[in-house]
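A.B. asks: Below is a structure I'd like to ask you about.
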Amino acid sequence: MSKTTSFLMSSVGRKMIMALSGLFLCSFLVVHLYINLFLFKSDYGVEFDAYSHFMATYPLIRPIEIVLFLGFLLHAIVGIWLWLMNRRARPVKYEVLKASENSALSSRIMWVTGIVVAAFLVVHINSFFITSRFLTPERSMFVIVREVFRNPWYDAFYVVALGFLAYHLKHGFQSAFQTFGLRGTRYQRLIDLVAMIFWLLIPIGFAAMPLYFLWAY
Amino acid sequence: MNFTLKIWRQKSRTDEGKLVTYTVRDISPDASFLEMLDILNETLVRRGEEPVAFDHDCREGICGSCGLMIEGRAHGPHRGSATCELRMRSFEDDDTITVEPWRARPFPIIKDLVVDRTAFDRIMAAGGYVSVKTGQAPDANAIPVPKHCAEKAMDAAVCIGCGACVATCPNGSAMLFVAAKVSQLALLPQGHAERKERVGRMLAQMDAEGFGACSNTYACEAECPKQISVEHIARLNREFIRAKVS
Ligand code: SF4
Ligand code: FES
């Protein structure tokens with residue numbers, strides 16, 4: 001067996017694919033949040049629209065979008081594969097199991113939080129990406145955002161889904177570093193700090209947007 | 001003390017199995033959990049019933065054979081101790097205690113609470129050793145081992161192979177066990193010669209046996225009677241990467 005196949009066939013190798021793709025998706029969150037922060041600027045979306053226009057028209061962005069999409073797909077497929085494999089490892093369940101005594105809930109329900117995040121992405125991509133790129137490309141992105149966020153039900157769904165994302169990242173982010181063998185080393189405190197930024201601050205930043213629009217417009 | 005026990009009874013590997021309720025009376029609070037089961041078995045034998053089969057040997061926390069799932073916790077409610085070290089005073093009088101065998105596909109039930117853990121032996125046989133020609137005992141200080149490495153290697157070497165990590169892992173993964181063994185040898189100079197092959201072979205055997213993949217819940221560390229740290233899993237992952245890139 002070649003090194004690559006034996007890597008892919010190994011459960012640890014597959015975990016590393018989960019970790020790598022997960023961190024790649026996290027890096028996208030940073031860029032996405034940075035651009036979205038311009039929504040808060042009181043210029044009626046001039047600068048935000050400029051960024052959106054750049055994203056929609058600059059040719060280099062296309063391949064990046066495709067890689068990003070494939071990243072999501074890979075993360076989801078390998079995740080489901082591992083989940084099925086792990087379920088098979090315990091065909092008969094315990095009658096009594098006190099899992100809360102030994103592990104964090106976030107670590108045990110990654111498949112639930114993952115599914116909610118995936119569902120959120122479908123809705124999210126539909127209301128913003130599809131609308132602005134294909135349905136009404138001539139409209140201002142800022143106006144689209146404002147209209148979508150006018151619906152309080154949509155906003156509620158949005159905030160709750162981001163809560164699930166936060167919970168997914170709470171386990172996922174530090175877990176990736178354990179998979180790379182970096183936890184328990186001298187980098188531990190740095191990892192914990194960056195993990196906190198990712199699972200707490202970034203989802204809060206995104207959740208602030210619908211709430212802000214509901215309040216300001 | 002009096003207890004109601006719900007114990008998993010299963011006649012053979014192929015039998016369906018079910019929880020059966022028993023009561024035990026006048027148990028000393030200082031009795032160990034296994035002694036309490038002995039007392040139950042004596043009563044069962046006197047009544048002409050089949051005693052409950054359970055594994056045990058040293059009864060002092062060093063052999064690793066006594067693992068039981070007790071009221072939803074591997075080795076019972078305490079951290080850092082094996083089933084044989086658990087005393088009945090850890091429970092309240094008149095408690096109902098559910099006792100189940102380890103549950104994982106690679107640990108098939110042989111009878112009642114006894115499971116077949118030879119999957120661990122096969123993982124060890126795949127690489128958990130150092131191949132050296134045995135001759136005379138070497139001079140004590142012929143191979144220098146730094147103190148901190150020796151300490152960490154010993155922390156890993158205390159694994160007794162009980163299987164609580166597998167039993168408690170939501171994925172039925174054997175990562176903590178394999179990590180303890182890989183780590184112990186990776187930390188010592190004697191283990192270095194074969195470190196590249198070892199990690200790959202032991203992991204491949206772990207997967208082949210049907211254990212799940214680690215998802216870093218760290219439940220194993222919490223329930224391990226020897227409190228083996230998941231730091232060793234991180235080391236195993238480093239060994240894996242090292243073996244693949246070099
Ligand atoms: S790592 Fe701990 S729980 Fe797992 S087999 Fe070794 S001693 Fe038992
Ligand atoms: S009987 Fe040996 S560890 Fe419990």
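Quick note: the coordinates plus some simple rules give every number you see, no bench work behind them. Please read these numbers as outputs of a predicted model, since none were measured by experiment. Positions of Cβ are generated from backbone atoms using ideal geometry, with glycine treated the same way; all protein chains shown enter the neighbour counts.
A.B. asks: Given charges of +1 on the Cβ of Lys and Arg and -1 on the Cβ of Asp and Glu, with all other atoms neutral, how large is the dipole of chain A about its Cα centre, in debye to the nearest 20? It would help to have the intermediate numbers written out before the result.
C.D. replies: Values: 19 positive and 10 negative charges, 206 e Å.
The dipole of chain A has a size of about 1000 debye.
A.B. asks: Given a Förster distance of 30 angstrom, what is the FRET efficiency for B:Asp30 paired with B:Asp57, based on the Cβ-Cβ distance and rounded to 0.05? Walk me through the numbers on the way to the answer.
C.D. replies: On the way: r = 21 Å, r/R0 = 0.70.
It comes out at approximately 0.90.
A.B. asks: Could you name the aspartates and glutamates in cross-link range of B:Lys196, using Cα to Cα under 18 Å and dropping any fewer than eight places away on the same chain?
C.D. replies: Within the straight-line limit of under 18 Å, B:Lys196 reaches these aspartates and glutamates: B:Asp207, B:Glu239.
A.B. asks: Size of the dipole of region A:1-78 about the Cα centre, Lys and Arg at +1 and Asp and Glu at -1 on the beta carbon, nothing else charged, in debye to 20?
C.D. replies: Approximately 520 debye in magnitude.
A.B. asks: Using only Cα atoms, figure out Rg for the protein assembly as shown and give it as a multiple of 2.2 N^0.38 Å.
C.D. replies: Output field value: 1.19.
A.B. asks: So which trypsin sites (Lys or Arg not before Pro) in region A:122-217 are both in a DSSP loop and have at most 11 other Cβ atoms within 10 Å of their Cβ?
C.D. replies: A:Arg186
A.B. asks: Sticking with this one: Between B:Ala193 and A:Ala50, what is the label-point separation in nm under the 7 Å Cα-to-beta-carbon projection?
C.D. replies: With each label placed 7 Å out from Cα toward Cβ, I get 6.8 nm.
A.B. asks: Could you calculate the FRET efficiency of A:Ser6 with B:Arg13 from 1/(1 + (r/R0)^6), where r is the beta carbon distance between them and R0 is 35 Å, rounded to 0.05?
C.D. replies: 0.60
A.B. asks: What ³J(HN,Hα) values, in whole Hz, does the Karplus curve 6.51 cos²θ - 1.76 cosθ + 1.60 give for region A:117-131 when θ = phi - 60°, with x put for Gly and Pro?
C.D. replies: Result, rounded to whole Hz: 4, 5, 5, 4, 4, 4, 4, 4, 5, 5, 6, 10, 5, 5, 4.
A.B. asks: In region B:98-161, which trypsin sites (Lys or Arg not before Pro) fall in coil by DSSP and have 10 or fewer other Cβ atoms within 10 Å? Present the calculation step by step, with values, prior to reporting the outcome.
C.D. replies: Working: sites: B:Arg103, B:Lys111, B:Arg117, B:Arg122, B:Lys133, B:Lys147, B:Lys152; in loops: B:Arg103, B:Arg117, B:Lys133.
Of the trypsin sites (Lys or Arg not before Pro), the ones in loops of region B:98-161 whose Cβ has at most 10 other Cβ atoms within 10 Å are B:Lys133.
A.B. asks: What full-extension length gain, to one decimal in nm, is calculated for A:Phe129 and A:Ile197 as 0.36 nm per residue of separation minus the Cα-Cα distance?
C.D. replies: Additional length available on full extension: 21.9 nm.
A.B. asks: Tell me which of A:Ile202, A:Val31, A:Val12 sits at the most positive position along the dipole axis of region A:3-216, charges placed on C-beta atoms (Lys, Arg +1; Asp, Glu -1).
C.D. replies: So the residue we want is A:Val12.
A.B. asks: If you build a Gaussian network model of chain B, linking Cα atoms that sit under 10 Å apart, which residue out of B:Val99, B:Val178, B:Val20 swings the most?
C.D. replies: Residue with maximal mean-square fluctuation among B:Val99, B:Val178, B:Val20: B:Val20.
A.B. asks: Less than 20 Å from a label point 7 Å out along the Cα-to-Cβ axis of A:Lys41: which backbone N atoms in region A:194-209 qualify, by residue?
C.D. replies: Only A:205-209 pass the distance filter.
A.B. asks: Which whole-Hz ³J(HN,Hα) couplings does region A:24-32 yield from phi under the Karplus relation 6.51 cos²θ - 1.76 cosθ + 1.60, θ = phi - 60°, glycine and proline marked x?
C.D. replies: For region A:24-32, the Karplus-derived couplings read 4, 5, 5, 5, 5, 4, 5, 4, 4 Hz, x marking Gly and Pro.
A.B. asks: Rg(Cα) of region A:132-188 divided by 2.2 N^0.38 Å?
C.D. replies: Relative to the 2.2 N^0.38 Å estimate, region A:132-188 comes out at 1.83.
A.B. asks: Turning to a different aspect of this structure: Given R₀ = 45 Å, what would the calculated FRET efficiency be for A:Val30 paired with A:Arg88, taking r from the Cβ atoms and rounding to 0.05?
C.D. replies: Approximately 0.80, to the nearest 0.05.
A.B. asks: Per the Kirkwood treatment, what hydrodynamic radius in Å, one decimal, follows for region A:116-217 from the mean inverse distance over all distinct Cα pairs?
C.D. replies: Answer for region A:116-217: a Kirkwood hydrodynamic radius of 15.3 Å.
A.B. asks: If we count other beta carbons within 10 Å of each Cβ, what is the order of B:Glu223, B:Glu239, B:Glu209, fewest first?
C.D. replies: The most exposed by this proxy come first: B:Glu209, B:Glu239, B:Glu223.
A.B. asks: Kindly list the residues of region B:163-179 that lie in the label zone of B:Asp116, defined by a backbone N under 20 Å from the point 7 Å along the Cα-to-C-beta vector.
C.D. replies: Residues passing the 20 Å test: B:163-164, B:166-167, B:172-174.
A.B. asks: Here's something else I'd like to know. About the Cα centre of the protein assembly as shown, how large is the charge dipole given +1 on each Lys and Arg Cβ and -1 on each Asp and Glu Cβ? Please answer in debye to the nearest 20.
C.D. replies: The dipole magnitude comes to about 1360 debye.
A.B. asks: Another question about this same structure. Work out the charge dipole of region A:76-217 with +1 on the Cβ of Lys and Arg and -1 on the Cβ of Asp and Glu about the Cα centre, then indicate which of A:Phe129, A:Val96, A:Thr113 is farthest towards its positive end.
C.D. replies: Comparing the listed Cα positions along the dipole, A:Val96 ranks first.
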